[in-house]
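Below is one structure, written out as structure tokens; the observations come after it.
The values are calculated or read from the model by the stated rules, or taken from the named source; none is laboratory data. Source: prediction; values computed, not measured. Note that we place each Cβ from the backbone using ideal geometry, even for glycine, and neighbour counts take in every protein chain shown. Note: accessible area is taken over every heavy atom of the protein model, side chains too, but ligands, DNA and RNA are not part of it. Shrake-Rupley method; radii C 1.70, N 1.55, O 1.52, S 1.80 Å.
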Number of protein chains: 2
Amino acid sequence: MATLKEIARRAEVSASAVSAVVNGTTHTRMSAQTRARIEAVIAEVGYVPNDAARALRRQQAGTIAVVVEGLENPVYKELLLGIYEAAEARGWAVVLGDTAWMRSGSPFLARLLGQGSIDAILLRHEGLIDGDVLAHLRARPTPVVLLEQQSDPHSHWVAVDDLMAGRMATEFLLQAGHTDVRFVGGLDESRTSAARYDGYVTAMKQARRRPRAGSFTGFGVEAGSLGFAAIRSSGTFPTGVVVNNVMSAAGLLAAAADHGVEVPGQLSVVGIHDAEIADIVRPRLTTVRLPMRALGVRAVDQVAALLEGTPTTLGVIESRPQIIVRASTAPPSR
Amino acid sequence: MATLKEIARRAEVSASAVSAVVNGTTHTRMSAQTRARIEAVIAEVGYVPNDAARALRRQQAGTIAVVVEGLENPVYKELLLGIYEAAEARGWAVVLGDTAWMRSGSPFLARLLGQGSIDAILLRHEGLIDGDVLAHLRARPTPVVLLEQQSDPHSHWVAVDDLMAGRMATEFLLQAGHTDVRFVGGLDESRTSAARYDGYVTAMKQARRRPRAGSFTGFGVEAGSLGFAAIRSSGTFPTGVVVNNVMSAAGLLAAAADHGVEVPGQLSVVGIHDAEIADIVRPRLTTVRLPMRALGVRAVDQVAALLEGTPTTLGVIESRPQIIVRASTAPPSR
DNA sequence: CTGAAAGCGCTTACAG
DNA sequence: CTGAAAGCGCTTACAG
């Protein structure tokens, strides 16, 4: 591999001059001739700076890591887009990983913990990461911004308005005339899920309906079938259900079809989060669209603030969730 | 941040000794006491080696990058699992990205091109990456292993048996009694798609049926609706269709439902690739399952061979595709 | 067996 | 305006 030194030798200039050309910095005012010669050599040799050396010298890598729980979940598509765009605008590369890779002792975790290759971490773990691992992460100087609500006052986080999402989904069903509405999906350990469930409870109480215990069955498709099983075995069958996550909602839809329960005839379903899948299943899913892209942008802003040492305000992003009415909801039949 | 030097000072030993403890190398035979003291200081301070310095010194980062076209496509789930496991077994971290990020001049691309932070690249681009960018990538010393078939004899690649996949899907329909079978989805630029289409053609010819021109409408959900539109406007309506990609097959299913075409009553659908979505849609999708996990493992083996300079054989992995019969296929009605 | 020194490839304050 | 030198934090051949 050609090094800076080699380019300098070939162009018969100093390393500093080459560095200046590569980075467009101070030395900028060198003779046009010199500059041209250096550029020619760089192009000829195909020189590219060594990132490790740069990172070591500059004390920053120019790369941020995004780690999410269940990378395959389509709800992250928009989030990643927002993160990517905001990061690129700042000149940062982003690399992705799944929280499942953050096992204690894994090389991936080592890269997150060790300085030098990753400047900051954006993390959404839904309460699933080992406490030890999390403590290690916090003990490091690398800034971590959580992409979900936190109760811990010391951590940095940004989140969409999950409470409002749960509330809007529930209110939508209540306003359509449903009285027995349930909440299904998500994880007990997740504050995100807790917030959405709180939203459900708030809406129910406000409508003077009795909120039921949530069935926190997870985030994937199977969480939907499990959720369906839960409401079936609950004694009375509801006419409406709010499902945490679109994938789970799709799973619930499938389970309902398999058990001969008609949607929306016998059961109205609202999914939280919007994704392509909502338009693929039949009936199409009514969903609550969350501003995930904006979340991504805000998360990157947070990182920048942290890296610059600017005091920052944390919290929920202002943009409201939005209900997307499709075909999985209707007034209750009697 | 604590450095190695600082640990050495605190433990009153040389830097080499600390390095030996951290890495478990040569100096290993130091007195148990010394070792214990060093370990104590490391734990106390929470020392973690700087990855940039290590990468620079060792001339390898211990990280490989995986970049795929359309990261949100669920067909990659298994592939990534295979890659992750094989990489971890070798002590490598893996980081992910989307080909959309490989735009000329992007920081992400810079990280892939520049030595030092990424040791090797696993890439699946479906023919979509800019030729210039690809040329740049190839010009670099960083090994690139393509996760798809290549015609270029100089590139390194591993692939599943796409031709066989297209052939099996088609033969399955032919054997069920279909005579007019179409091929839909995928990309013109993609050798993967070409191979699957070739498989379709082979099967059709062998059954003495006339193969039709493929409709290369893409990989996403919309590719399915576009594909459906294509076969509808083709004059005669077929009784069977092979769809490149499960997501597209799901999209086609939805389009068929919207147009009142019954599946499998009027149209049998086979998707190439298996994913959770196949079990969510109704009717459930018959698919051809490809050994994506094995592909991931093989790709990492390739990388290892390349990094070690071992001569390697390239090509299609031996494990056969497998047809998963669900509910979207039936004999043609008359 | 252990420590001092060189050097990985850069960037940048500093001297000329 | 330009170059020589120091140093980022490690690892490893080498001298003691």
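Per the 1.4 Å probe, what fraction of the accessible area of the range B:19-107, in percent, lies on carbon and sulfur atoms?
Values: 2030 of 4140 Å².
Of all accessible area on the range B:19-107, carbon and sulfur atoms account for 49 percent.
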Whole Å is fine, so just give me how far the alpha carbon centre of the range B:175-240 lies from that of the range A:189-255. 41
Chains B and A, summed buried accessible surface - 1.4 Å probe, Å², nearest 100: 4400
For the range B:88-205, what value does the Rg/Rh ratio take when both radii are computed over Cα atoms and Rh is the Kirkwood radius, given to two decimals? 1.09
Give, as ranges by residue number, the residues of the range A:126-167 whose backbone N falls under 11 Å from the point 7 Å along Cα→Cβ of A:GLN206. A:164-167
Take A:ARG103 and B:SER319, extend 7 Å from each Cα along the Cα→Cβ direction, and tell me the distance between the two endpoints in nm. 1.8
What does the average come to when, for each residue of peptide B:245-253, you count the partner chain Cβ atoms lying within 10 Å of its Cβ? 2
With springs only between Cα atoms under 10 Å, which of A:ASN50, A:ASN23, A:ASN245 fluctuates most in a Gaussian network model of chain A? A:ASN23
Of the DSSP beta bridges with both residues in chain A, give the percent that are antiparallel, rounding to the nearest 5. 10
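Once you average over the residues of A:91-104, how many Cβ atoms of partner chains fall within 10 Å of each Cβ?
Mean partner shielding for this stretch: 5.
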Structure-based [θ]222 nm, chain A - -39500 (n - 2.57) summed over DSSP H runs of at least 4, per residue, nearest 500: -13000 deg cm²/dmol
Sorted from largest down, give the three principal axis spans of the alpha carbons of chain A, whole angstrom values. 88, 37, 33
Find how much the distance from B:ASP258 to B:ALA36 grows on full extension, using 0.36 nm per residue of separation minus their present alpha carbon separation; answer in nm with one decimal. 72.8 nm
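Subtract the Cα-Cα distance of A:THR310 and A:LYS77 from 0.36 nm times their separation in residues, and report this length gain in nm to one decimal. Please report the intermediate quantities before stating the final value.
Working: separation 233, 0.36 × 233 = 83.88 nm, distance 2.91 nm.
Once the chain is fully extended between A:THR310 and A:LYS77, it gains 81.0 nm.
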With viscosity set to 0.890 mPa s and temperature to 25 °C, compute the Stokes-Einstein D of the range A:162-290, Rh being the Kirkwood radius across alpha carbon pairs; µm²/s, no decimals. 178
Relative contact order computed over the range B:162-290 (Cα-Cα under 8 Å; 6+ residues apart), in percent: 26
What residue among A:SER234, A:SER117, A:SER155 shows peak mean-square fluctuation when chain A is described by a Gaussian network model with Cα springs under 10 Å? A:SER234
At a threshold of 8 angstrom on Cα-Cα distance, excluding pairs fewer than six apart, so keeping six or more, what relative contact order does the range A:4-49 reach in percent? 40
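What number results when the radius of gyration of the protein assembly as shown, computed over Cα atoms, is divided by 2.2 N^0.38 Å?
Values: Rg = 27.5 Å, N = 668, 2.2 N^0.38 = 26.1 Å.
The protein assembly as shown yields a ratio of 1.06.
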Within 10 Å, count the other beta carbons around each residue, average over each peptide in A:138-149, A:58-69, A:33-44, B:263-274, and list them highest first. B:263-274, A:58-69, A:138-149, A:33-44
Rg(Cα) of the range A:1-132 divided by 2.2 N^0.38 Å? 1.40
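For peptide B:275-287, compute the average count of partner chain beta-carbon atoms within 10 Å of each residue's beta-carbon. Walk me through the intermediate numbers first.
Details: counts 1, 7, 7, 0, 5, 14, 8, 6, 1, 2, 0, 0, 0.
Mean number of neighbouring Cβ atoms from other chains: 4.
So for chain A, averaging the separation of alpha carbon pairs under 8 Å that are six or more residues apart and normalising by length, what relative contact order in percent results?
16
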